[in-house]
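The values are calculated or read from the model by the stated rules, or taken from the named source; none is laboratory data. What you see is a predicted model, and the numbers here were worked out from it, not measured in a lab. FYI the Cβ positions are ideal-geometry reconstructions off the backbone, even for glycines, and counts take in every protein chain you see. Please note that ligands, DNA and RNA were not included when accessible areas were found on the heavy atoms of the full protein model with its side chains. Shrake-Rupley method; radii C 1.70, N 1.55, O 1.52, S 1.80 Å.
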Amino acid sequence: VPGELSQVLPSPRHFEQAAHLVRPEMMRESFVCGNSADAHLARIEQYAEAGFDEVYVANTGPHTQGLFDLYQREIFPRLRR
């Protein structure tokens, strides 16, 4: 949801209405979707360059184990320590 709108909506019904403002390309700007290790690593690097020292990853789709496997196999070994 654009801007601070998600922080000021008074009810789930209002949030659902505002969610219609979100377009697929907006989601791609905010989230890494899919199993491309390079895409995940690039997003993590963006946060690291911005000064973050912790990044939390969550699965929002049906393939939770696949995300864990991807991170164990391809992401964690390539992260700088």
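Out of these labelled values of Cα Rg over 2.2 N^0.38 Å, [x] 0.97; [y] 1.38; [z] 1.32, which was calculated from the coordinates shown here? Computed from the coordinates, Cα Rg over 2.2 N^0.38 Å corresponds to [z]. Using the rule -39500 (n - 2.57) for each DSSP H run of four or more residues, divided by the residues of the chain, the 222 nm mean residue ellipticity is -13000 deg cm²/dmol. Taking each residue as 0.36 nm, the span from ARG78 to VAL22 lengthens on full extension beyond its C-alpha to C-alpha distance by 16.9 nm.
Computed over protein heavy atoms with a 1.4 Å probe, the carbon and sulfur contribution to the accessible area of the chain reaches 54%.
Among 47-55, 13-21, 33-41, sorting by the average number of other beta carbon atoms lying within 10 angstrom of each residue, highest first, gives 33-41, 13-21, 47-55. With protein chains left intact and a 1.4 Å probe, residues in the stretch 1-80 average 82 Å² of accessible area per residue.
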